[in-house]
Amino acid sequence: MELRYKIIRFYFKGGARTLHRGLTLEQAQKHCSDPETSSRTAVLSLAKARTAKVGDWFEGYEVDA
């Protein structure tokens, strides 16, 4: 059976939120390689607004148990 992964948004001030589940490793890696998945590299207004509201954050992946 192939492992599945989930995307999690981690907040530097604490806490995390699961965004997507059931992804292949390739899908999870592709998602997380997008510059819009980190407050440090994102340029879209939605990401900038999120950063202004909650502080720094980034999206990572782990095995979806």
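The values are calculated or read from the model by the stated rules, or taken from the named source; none is laboratory data. Since the model is a prediction, treat every value here as computed from it, not as a measurement. Heads up, the Cβs are rebuilt from the backbone with ideal geometry, glycines too, and the neighbour counts pull from every protein chain shown. The area values use the complete protein model at the heavy-atom level, side chains included, leaving out ligands, DNA and RNA. Shrake-Rupley method; radii C 1.70, N 1.55, O 1.52, S 1.80 Å.
Of the trypsin sites (Lys or Arg not before Pro) in the chain, the ones in a loop by DSSP (not H, G, I, E or B) with at most 16 other beta carbons within 10 Å are ARG4, LYS13, ARG40.
In whole percent, and with a 1.4 Å probe on the protein chains, what portion of the accessible area of the chain is carbon and sulfur? It would help to have the intermediate numbers written out before the result.
Values: 2530 of 4590 Å².
C and S atoms contribute 55 percent here.
With a Förster radius of 25 Å applied to the beta-carbon distance between ARG21 and LEU44, the computed FRET efficiency rounds to 0.60.
Taking 30 Å as R0, compute the FRET efficiency from the Cβ-Cβ separation of LYS13 and VAL63 and round it to 0.05. Taking R0 as 30 Å, the efficiency between LYS13 and VAL63 is 0.75. Taking the Cα centre of the chain as reference, the dipole from Cβ charges on Lys and Arg (+1) and Asp and Glu (-1) amounts to some 360 debye. Placing a pseudo-label 7 Å from each Cα along the Cα-to-Cβ vector at GLU36 and LYS53 gives an inter-label distance of 1.6 nm. Among the chymotrypsin sites (Phe, Trp or Tyr not before Pro) in the chain, those located in a DSSP loop and surrounded by at most 15 other Cβ atoms within 10 Å of their own Cβ are PHE12.
Of the residues GLY55, HIS31, THR41, the one whose Cα sits farthest towards the positive end of the charge dipole of the chain is GLY55 (charges of +1 on Lys and Arg Cβ, -1 on Asp and Glu Cβ, taken about the Cα centre).
For every helix of n ≥ 4 consecutive DSSP H residues, a contribution of -39,500 (n - 2.57) applies; sum these over the chain, divide by its total residues, and give [θ] at 222 nm rounded to the nearest 500 deg cm²/dmol. The helix-only estimate for the chain comes to -8000 deg cm²/dmol at 222 nm.
Mind checking the angle between helix 45-54 and the chain's longest principal axis? C-alpha axes, 0 to 90 degrees, to the nearest 10. Between helix and principal axis, roughly 80 degrees.
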